[in-house]
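Following: one structure in structure tokens, then a few remarks.
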Amino acid sequence: MKRVMVLRHVANEALGNLEVVLRACGLELDVVDCFTDRWPDVERAGFDPGRLAGLVVMGGTMHVHQTDRFPFLATEIEWLRAACEAQLPTLGICLGAQMLAHALGAHVYPNDIKEIGWYQIELLGAGSSDRLLAGSRPRQTVFQWHGDTFDLPAGAVLLARGATCPHQAFRYGPRAYGLQFHPEMTAEMVQLWLRAPGMCEEVASQESIDPDEIRGRMAESLAAMAPFSTQIFRGFAELCHEVG
């Protein structure tokens, strides 16, 4: 059985429900922490889409263009291009979605506002019939934590939009997906992010963001997001099984 490669950028970005669902679907994961000593060995080994069942690129606190500070970003972007060319099942989450858009030639830039907390997104017509999203309610509660956004790549299909950040989900080709939101979140992850020093400072700098409100809405919002999250990850697992 081929493995799904999962690329992480920061230690507090756990896989959460992504790992739970993919493993329950019988997939083996190769989790690579790009910020550790293992990365040079993985990079030297190169990227061969034919040896993988899928590729997942997680979020992070850095920006797509900070390749001088985080050289692994440039390598990952090349790998994303190769994955799309090979039609390998590919999923980018938050920063991962921005990197996927950038790899496909789209512009990544600061959003008008920072989205942190619980937001509503709307599935578009293409989303309602998409393999990963079909059957979901037209409006979904999701967790956000980002300051950047991206233009829709040429040839991509917009699947979901938000009121304060239009590009929330897209598909490129038959098997590459970018999600600006965080469907992998668990209660433990939300609490950890709100306590993490750098992220806590980011929240404090935003007058419109209330961490107590985020915590207060957590149980209800996670319950509302759970079926949507599970459907996305199960659909992605099916794509991985088809090539794996």
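A short reminder: the numbers here are calculations on the coordinates, not readings from a lab. Everything numeric here is computed off the predicted structure, so don't read it as measured data. When we count neighbours, we look across all protein chains shown, and the Cβ atoms used for this are built from the backbone with ideal geometry, even at glycine.
At-a-glance table
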{"quantity": "Sum of -39500 (n - 2.57) over DSSP H runs of 4+, divided by residues of the chain (222 nm, nearest 500)", "calculated": "-11000 deg cm²/dmol"}
{"quantity": "Selection from Val243, Phe170, Gln140, by position along the positive dipole direction of the chain (Cβ)", "calculated": "Val243"}
{"quantity": "Three-way shape label, the stretch 39-175, alpha-carbon gyration tensor, a/c 1.5", "calculated": "oblate"}
{"quantity": "Lys, Arg +1 and Asp, Glu -1 on Cβ, resulting dipole of the stretch 3-243 about Cα centre, debye, nearest 20", "calculated": "620 debye"}
{"quantity": "For the stretch 3-243, share of DSSP beta bridges that run antiparallel, in % to the nearest 5", "calculated": "55 percent"}
{"quantity": "Rg/Rh for the stretch 10-89, where both radii come from Cα atoms and Rh is the Kirkwood radius", "calculated": "0.95"}
{"quantity": "Efficiency of FRET from Cβ geometry, Ile113 and Arg38, R₀ 45 Å, rounded to 0.05", "calculated": "0.80"}
{"quantity": "Relative contact order (%) - criterion: Cα under 8 Å, at least six apart; region: the chain", "calculated": "22 percent"}
{"quantity": "Mean Cβ neighbour count within 10 Å, used as a protection proxy, ranking 74-87, 98-111 highest first", "calculated": "98-111, 74-87"}
{"quantity": "C-alpha center-to-center spacing [the stretch 160-231, the stretch 90-149] in angstrom", "calculated": "10 Å"}
{"quantity": "Kyte-Doolittle mean at least 0.0, axial Cα span of 24 Å or more - DSSP H helices of the chain", "calculated": "218-243"}
